[in-house]
1. Pick from the range 114-138 the residues that are of a type in the set (A, V, I, L, M) and buried (at least 19 other Cβ atoms within 10 Å of the Cβ): which of them is farthest from residue 256 (Cα to Cα)?
2. For residue 215, indicate whether it is more than 21 Å from residue 260 (Cα to Cα), touching a Phe, Trp or Tyr at 6+ places or on another chain (Cβ under 8 Å), touching a residue at least 40 places away in the same chain (Cβ under 8 Å) and of a type outside the set (A, V, I, L, M, F, W, C).
3. Quick check on this structure: which one of 266, 294 is surrounded by 15 or more Cβ atoms within 10 Å (Cβ to Cβ), more than 27 Å from residue 13 (Cβ to Cβ) and touching a helix residue (DSSP H, G or I) at 6+ places or on another chain (Cβ under 8 Å)?
4. Could you check how many residues of the range 177-228 are more than 29 Å from residue 307 (Cα to Cα) and among the basic types (Lys, Arg)?
5. Looking only at the range 180-194, count how many residues are surrounded by fewer than 22 Cβ atoms within 10 Å (Cβ to Cβ), touching a residue at least 40 places away in the same chain (Cβ under 8 Å) and closer than 24 Å to residue 27 by Cα.
6. What about residue 45, is it loosely packed, with under 15 Cβ neighbours inside 10 Å, at pLDDT below 85, touching a strand residue (DSSP E or B) at 6+ places or on another chain (Cβ under 7 Å) and not β-branched (Val, Ile, Thr)?
7. Within the range 236-268, track down each residue that is polar (S, T, N, Q) and assigned to a helix (DSSP H, G or I).
8. Can you pull out every residue in the range 218-233 that is touching a residue at least 60 places away in the same chain (Cβ under 8 Å) and either assigned to a helix (DSSP H, G or I) or within 8 Å of the chain's Cα centre (by Cα) (or both)?
Amino acid sequence: MAQSGDQGVRIGLSVVVMTLKDRQAVVLTTQAENGDTLLPFGPFDPARDRTFERALRDFVTAQTGFRLGFVEQLYTFGDAGRAVPRAAPEGDRPRDVSIGYLALTPDSAEGQTHDARWRAVFDVFPWEDRRRENAHLTALVTDGLTAWAGDDDRRLARIRALFALTPEHRWNEERVLERYELLYEARLVAEAWRDAGLSPPAVLAPGLVMGSDHRRILATGLGRLRSKLKYRPVLFDLMPGLFTLSTLQAAAEAVSGLTLHKQNFRRGVERTGLVEPTGQTSSATGGRPAELFRFKGVDPQTGAAPGLSLPAQR
């Protein structure tokens, strides 16, 4: 990793690579030598790498066999007291800083290296999927949080707002990181116990545990993508060249974790002018052939490219 003079800072690059597979939002993962599930991660070498992004693209291809398309920087992660990517060996402990990125691809083929695989995002954050009731999940998350809060009104207010536990609170799908951080603070995720050097209890909030601070980085990436859906046409970076409106709605639902109102969603798509019919149809659904559309792209005159509204069913 890059090391910064007397500061002893090492720089690494982590990336959330997301796509859609079998109508699920999935994230590309690798496996550490100790078996931990990780995001693709690599060092930045200032003597060799011209830019962070170029280094990122090169090591992702080397680790997974994938070539990245859309990429944007997320955040810099380096909090003391939390596990960081590829921690320094004993006797060599410079401060590790990881720069996180979000990358989108329409390619859901399996990774070309043995330890690269796609994992469902909601296997990592099952509480982020609001499309169906899950009483067991609700008990583990909300009851565990309520027990942790006790009589602390501030904690109770945060829980109610973030998990929309009362009618006056609306679920905000963009607050993925805040919900994960609350569970971490309450020590309801295994990473909190690991970072404190303690053995976790038998019962924790559900979800795939990830090595280092990678579940936190993934939470940041999912929240960013959900936010961008509404003001940029990023959903089309996950779509094939031709698609039906039902497939487009399923993609929006897979990312947002919401059940969307069919007619309102379609009217919203039509108002944006982002898609155009191709005159072709698809019978892949097994029912009546559905019309195929394509993404029109950014308006060359104005550069306008709005996002999509997400009209959730009530």
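1. 116
2. yes
3. Criteria check complete, one pass: 266.
4. 2
5. Matching residues across the range 180-194 total 1.
6. When the stated conditions are applied, residue 45 passes them.
7. 246, 247, 249, 256, 263, 264
8. Once the filter is applied, which keeps residues that are touching a residue at least 60 places away in the same chain (Cβ under 8 Å) and either assigned to a helix (DSSP H, G or I) or within 8 Å of the chain's Cα centre (by Cα) (or both), the range 218-233 yields 218, 219, 220, 221, 222, 224, 225, 228.
The values are calculated or read from the model by the stated rules, or taken from the named source; none is laboratory data. Computed from a predicted structure; not experimentally measured. Because the Cβ atoms are built from the backbone with ideal geometry, glycine has one as well, and the counts that use them run over all protein chains shown.
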